[in-house]
């Protein structure tokens, strides 16, 4: 259960970073933190239940995190080229 | 205090402290370095949980791959222009409230949960076990993930290239 507490802490720090920061790169890093919290939970329960399926799921989560980071940073580059900013609240073209 | 408990608290401190630094540093490069410390702490926790394969994958993929990608992008977009600006949203109390509510709810759930008794892992090595599970029970999702990675590569190249 201690591992789940660490995972909870990582999740909360990641959520706080995701909701509070203005810098898009830091927001993407917070998403990575949240995914790490999920992975830690999966591995801890995999150990507890004596079943390797949790670790396999963690591998899938890592693969999806890699894809997410690549696409997110690609979007960030395109955005920076068009708007010259990386602060989320200055990207408001679709805001009514 | 046993050796395992000592290492657990050491790695947990690395993971949580690095994460806290990563979301509070104004400079994106400092945040990336702090994130690396946090990821190393999580990797150490994997090792304590006898998930050696994930320990190696975490270091190679997260620290070697994703973090390097972050550093390259930070270099490309010249983030330090935003260093002196406000770092937090104007409506930060809403975000802080949401985080606090989620924290309280999850902590209450955590303190009340009843786990079934622990079971032992099979005695074969961790890498063999993960490989067997991955390539026998989860072969189709494994192939779908490779398709996903292909789509992500093509998509990010399309998104990031200069307009012709």
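Nothing in this text is a laboratory measurement; each read-out follows from the coordinates by a stated rule. Keep in mind the model is a prediction, meaning the values are calculated, not measured. As a convention, Cβ positions derive from the backbone with ideal geometry for all residues, glycine included, and neighbour counts pool all protein chains shown.
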Residues in segment B:122-164 that a label on residue B:76 would reach, taking backbone N under 13 Å of a point 7 Å out along Cα→Cβ: B:153-163
Restricting to Cα pairs below 8 Å that are 6+ residues apart, what does the relative contact order work out to for segment A:2-85? Please round to a whole percent. 26 percent
Cα-derived Rg over Rh, computed across chain A with Rh taken as Kirkwood radius: 1.10
What helix-only [θ] at 222 nm does the protein assembly as shown give? Using -39500 (n - 2.57) per DSSP H run of at least 4, over all residues, to the nearest 500, the answer is -24500 deg cm²/dmol
Calculate, for residue B:158 and residue A:31, the FRET efficiency according to 1/(1 + (r/R0)^6) with r their C-beta to C-beta distance and R0 25 Å; round to the nearest 0.05. 0.70
Per 10 Å bin from zero, what fraction in whole % of the C-alpha pairs of segment B:5-96 is there, up to the bin with the longest pair? 17, 37, 30, 14, 2
Given a cut-off of under 8 Å on Cα pairs at least six residues apart, what relative contact order in percent is computed for segment B:1-82? 29 percent
Estimated FRET transfer efficiency (residue B:128, residue B:104; beta-carbon r; R0 35 Å; 0.05): 0.25
How big, in percent, is the set of alpha carbon pairs in the protein assembly as shown lying more than 33 Å apart? 23 percent
What residues of segment A:3-33 lie in the reach of a label at residue B:97, counting those whose backbone N is under 19 Å from a point 7 Å from the Cα along Cα→Cβ? A:15-21
Relative contact order of chain B: what whole-number percent is it, with Cα pairs under 8 angstrom and at least 6 residues apart? 18 percent
Computed lengthening from residue B:113 to residue B:56, 0.36 nm per intervening residue step minus Cα-Cα distance: 17.4 nm
